[in-house]
Structures are given as structure tokens and as C-alpha cells.
Amino acid sequence: MDIKVLRYFLALARAESITAAAEYLHLTQPTLSRQLAELEQELGNTLFIRGSRKITLTDEGMRLRKRAEEILELVQKTELEFQTSAEEISGNIYIGCGETHAMGLIAEVVKALQHDYPQIHVHIYSGDADEVTERLDKGLLDFGLLIGVENISKYESLLLPEKDTWGVLMRKDSPLAHQDVIRPSDLWNLPLIISKQKEVDNRITRWLKRDLDKLNVIGSYNLLYNASLMVEKNMGYALSIDKLINTTGNSHLCFKPLEPQLMVDIHLVWKRYQIFSKAAEICLQRMKQAFSQ
């Protein structure tokens, strides 16, 4: 499969028009059409539905679009790594992370690194643990910051010197807001908004002492900010970790920790036998100096 043709495919997927895509690519329309027809023939699948006004992707086309974006992102990452001279410490570092206040520890290391090597650039991808590990496994990230993931044995890892605390994000006028802690039975009949991560579901289910299908779960989230807006509109209570949403001052929200306490470790992880760029290698050295016990 030709990388160039994948770029053509993505251009058409985004433009939804042969005319617009050909103009963007500086190709003739017949040339672009022929290349894409050959791609469909090579894959043995119809990738486009050619309508009178626009071109849309089939299910197979949507699947290829995701794969093509990942492939071209990895190609670009690789090209940038090899553009760095042997003497120069520069380049790009890619870190994926879930929401955690411990990202501040990573930021401190990165700030000092960039002070010493101004030509190093850091790119942050925010997502839940499932999204971060998927991109890590595909080589799109150098490092992942994982919160409370129980099985990280497939990765090399560093344990950060902080933990995250689970609790409930609620309105300050909630009936539970006067309590210092939240116990499982407090939530059994309330509308809940929970993380969509499977490992988080398992941990919260054990703490709640109830299967999720026996609770009033009204929604889920992968990043907390939008869930906090649902809480603010009095839709329900969000089970979340602390220090992510501002609950001070004029905020309508408050955070109450769980009882029994539920705290989780935070790990910086990377693939075993990973061959790093020079920038990522020196970043890892700094991380080990900062966090190794």
C-alpha cells in the first residue's frame, strides 16, 4: 500500500469532493479517481459512496481512515526523528496522559529539560487509559501516564510519588454535600455519572458493592470536564478523582472523598525494548532521576 495514495485517500475523505481534493493535491481529477479506484481494488472493498453532491465513506472507508491517519502520523514522527543531526539534542517527545494532577510532576521535568535543550518539543495527547495504551502500542506515543491501571506488566514503568484519590463530584447544594465522606450506600439510589474505562468500572463496582446494572447510572465520561457540566446542571453525581475540577470560590461544585478510602497509583509507562529518539531517551533519563525510588 502506497503512503502517497493514503494521503490522497485522506484528502478526499476530508474534502468530500473529487474536485476539491484534486485541487488541494494539485492533481487532475482523472488521476485522483484512478488512484483511489486502484486502492479500492487492492483492498477488495468499496471505500466511498459517490453521491450527486458529495462523497461519503462506507464503514470500510471509515475504518481505513482511522488506520491511514495512524500510519501517516507514525510516518511523520519517524521522519522528524531522523531529521535531527547526530550532534544535536532536539526533536519531539510524545506523551499520552489521563486526567491527573500528577501531570504537574511531568511538567516540571519537561520544563527543566527544555531549559537545557530548547530545541526539544513536547506534544501531549489527552485520553483515557484505553486510548493512551492503544496509541502507545502503535508507536504513536513515547510515554503514557496511567492512573490506577492494575495490569501494566507489558510495559516498563516508573511509579510517581503521588496518588490520586477517588470521590464524588457534586453540587454544593446536594443533600450529600454536608458529609465529610461518601459511603457506598449513599450512592445506591442516586443518578451516577461514571468513567467509561473498564478497569475503573471494576474498581468502582468493588467499592460500591453493587453491579453497575443494579445502580442508576445515567451516563459515562472519558474526560471529566464535560461530566462536571452535567453535574453542575444537576443531572447527577460524578465518580471521579480529586484535584481536576476547580471547586473553590464561586464554583457550584464540591468534591467528597470515598469511605473506605480509594486511592490509586500513577505510573509513567513505555513499551518494552523501545528504541527512543535522542530527545525521548534523555527525557526518560530525567524522569528516572526524578521519580526512581
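The values are calculated or read from the model by the stated rules, or taken from the named source; none is laboratory data. For clarity, every value in this text was computed on a predicted model and none was experimentally measured. Note: ideal-geometry Cβ built from the backbone for every residue, glycine included; neighbour counts use all protein chains shown. These accessible areas exclude ligands, DNA and RNA; they are computed on the full protein's heavy atoms, side chains included. Shrake-Rupley method; radii C 1.70, N 1.55, O 1.52, S 1.80 Å.
Provide the packing ranking of 21-32, 163-174, i.e. peptides ordered by the mean count of other C-beta atoms within 10 Å per residue, highest first.
Values: 21-32: 14.9, 163-174: 19.0.
Taking the mean over residues of other Cβ atoms within 10 Å, the ranking is 163-174, 21-32.
Over the chain, give the accessible area per residue in Å² for a 1.4 Å probe, as an integer. Intermediate results must be reported in sequence, preceding the final value.
Working: 16010 Å² over 293 residues.
I get 55 Å² per residue for the chain.
How much length is gained on full extension from residue 70 to residue 212, taking 0.36 nm per residue of separation minus their Cα-Cα distance?
On the way: separation 142, 0.36 × 142 = 51.12 nm, distance 3.38 nm.
Extra length available between residue 70 and residue 212 comes to 47.7 nm.
Give the cross-link partners of residue 154 among the aspartates and glutamates, using a straight C-alpha distance below 17 Å as the criterion and excluding same-chain residues fewer than 8 apart.
130, 131, 134, 137, 142, 199, 265
Can you list which of the chymotrypsin sites (Phe, Trp or Tyr not before Pro) found in segment 223-279 are DSSP loop residues with at most 11 other C-beta atoms within 10 Å?
Values: sites: 225, 237, 255, 270, 273, 276; in loops: 273, 276.
Those satisfying the criteria are 273.
So, in nm, how far is label residue 243 from label residue 165 when the simple model puts each one 7 Å beyond its Cα toward the Cβ?
Taking the two extended label points, one gets 1.0 nm.
For helix 103-116, what angle does its Cα long axis make with the longest principal axis of the chain, in degrees from 0 to 90 and rounded to 10?
50
Just to verify a number: FRET efficiency for residue 273 and residue 172, C-beta to C-beta distance, R0 = 45 Å, to 0.05? Intermediate results must be reported in sequence, preceding the final value.
Details: r = 50 Å, r/R0 = 1.11.
Efficiency computed from Cβ-Cβ geometry: 0.35.
Ignoring any ligand, DNA or RNA, what whole percent of the accessible area of the chain comes from carbon and sulfur when the probe is 1.4 angstrom?
49
I need the fraction of alpha carbon pairs in segment 98-206 separated by more than 16 Å, rounded to a whole percent.
Working: 4091 of 5886 pairs.
That tail contains 70 percent of the Cα-Cα pairs.
Under the 0.36 nm per residue contour assumption, what length would be gained going from the current alpha-carbon distance of residue 16 and residue 82 to full extension?
Working: separation 66, 0.36 × 66 = 23.76 nm, distance 3.37 nm.
Working it through step by step, the gained length comes to 20.4 nm.
Taking R0 as 45 Å, what FRET efficiency do you get between residue 153 and residue 124 from their Cβ-Cβ distance, rounded to the nearest 0.05?
Working: r = 25 Å, r/R0 = 0.56.
Result of the calculation: an efficiency of 0.95.
Given 77/163; 209/233; 196/288; 4/138; 233/256, which pairs have Cα atoms separated by over 22 Å?
Pairs exceeding 22 Å: 77/163; 209/233; 196/288.
Does anyone have the angle between helix 29-43 and the longest principal axis of the chain? Alpha-carbon axes, 0 to 90°, nearest 10?
Approximately 60 degrees, to the nearest ten.
Note the angle between two axes, namely the Cα long axis of helix 278-291 and the longest principal axis of the Cα atoms of the chain, as a number of degrees from 0 to 90, rounded to the nearest 10.
Taking Cα atoms only, the helix is inclined about 10 degrees.
Packing-wise, with mean Cβ within 10 Å as the measure, how do 45-52, 181-188 rank, highest first?
Working: 45-52: 12.9, 181-188: 15.8.
Going from most to least packed, we get 181-188, 45-52.
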